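Let me begin by presenting the structure, written as structure tokens, before commenting on it.
The values are calculated or read from the model by the stated rules, or taken from the named source; none is laboratory data. Remember, predicted model here, so these are calculated numbers, not experimental data. So basically every Cβ, Gly included, is an ideal-geometry build from the backbone, and we count neighbours across all protein chains shown.
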Ligand code: PEP
Ligand code: MN
């Protein structure tokens, strides 16, 4: 169902009047984790000011260590809904199991399945029964074939609104958090009709690499971007070192615009 053979036309996903997969590059920005009303509102206003139409923020955080901040859970979902209502931004938030999926459905526009859950087949099937678009991140060490098969799990249950997200893969390199697989963008777009967005934040783990990888992703044909941005990255409870501040995010948007339209 995800295959290019099924459709020559690119899938365009429309949420509350905003598209992903059409001509305009869809920009999803916001903090790794929702931390407070004030933090989220500041991030949302900065996102909107710079021209992004989507707000991200994790409420359920699948952290590597069980002792790290695990997210505000339902309180975080409520804040996302509230801030979305006030700013008009379309929301994206991660679900980590069937329970969080059910709870997020009441508050969130686009449900994210994270890299660690790309092959959580029960969760994929549950997402396939959801009426929300699913942003499916590529697994930490997943091949493109495995990633497309994960999309197939969702689509075969009935949900055709899948957005693929390249977020870097694990390689032998340790200077970056992951290695951004830029070639996956045109390759997946040739294999599939689904939109492909790129997350330069988790792909690199380093703030100073987010802008150059954004430009490269847009040049390679990405349908969208997912960028971590925090009003005060030094104080972020999660992923501060890869988060842009509002000013850096504004600069990123201004630098990316000409690349999206011309060489
Ligand atoms: C995130 O988007 O904050 C996240 C946890 O991403 P990933 O699943 O790609 O690590
Ligand atoms: Mn993060």
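Each row is one residue, and each column tells you yes or no for (1) within 16 Å of ligand 1 (Cβ to nearest atom); (2) over 24 Å from residue 191 (Cβ atoms); (3) out of contact with any strand residue (DSSP E or B) (no Cβ under 6 Å at 6 or more places or on another chain).
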| residue | (1), (2), (3) |
| --- | --- |
| 19 | no, no, yes |
| 23 | no, no, yes |
| 31 | yes, yes, yes |
| 36 | no, yes, yes |
| 39 | yes, yes, yes |
| 47 | yes, yes, no |
| 57 | yes, yes, no |
| 64 | yes, yes, yes |
So, residue 134, is that one away from ligand 2 (no atom under 16 Å from the Cβ) and closer than 30 Å to residue 176 by Cα or not? yes
Inside segment 102-143, the number of residues satisfying the requirement of being within 16 Å of ligand 1 (Cβ to nearest atom) and crowded, with 18+ Cβ neighbours inside 10 Å is 23
For segment 228-244 the number of residues that are part of a helix (DSSP H, G or I) and either surrounded by fewer than 18 Cβ atoms within 10 Å (Cβ to Cβ) or more than 12 Å from ligand 1 (Cβ to nearest atom) (or both) is 5
By residue number, the members of segment 5-17 that are surrounded by fewer than 21 Cβ atoms within 10 Å (Cβ to Cβ), closer than 18 Å to residue 197 by Cα and touching a strand residue (DSSP E or B) at 6+ places or on another chain (Cβ under 6 Å) are 12, 15
The condition of being modelled with pLDDT under 95 and not in a loop (DSSP other than H, G, I, E, B) holds, among 216, 260, only for 260
Selection from segment 159-180 of residues assigned to a loop (DSSP other than H, G, I, E, B) and out of contact with any helix residue (DSSP H, G or I) (no Cβ under 8 Å at 6 or more places or on another chain) yields 160, 161, 170, 171, 172, 173, 174, 175
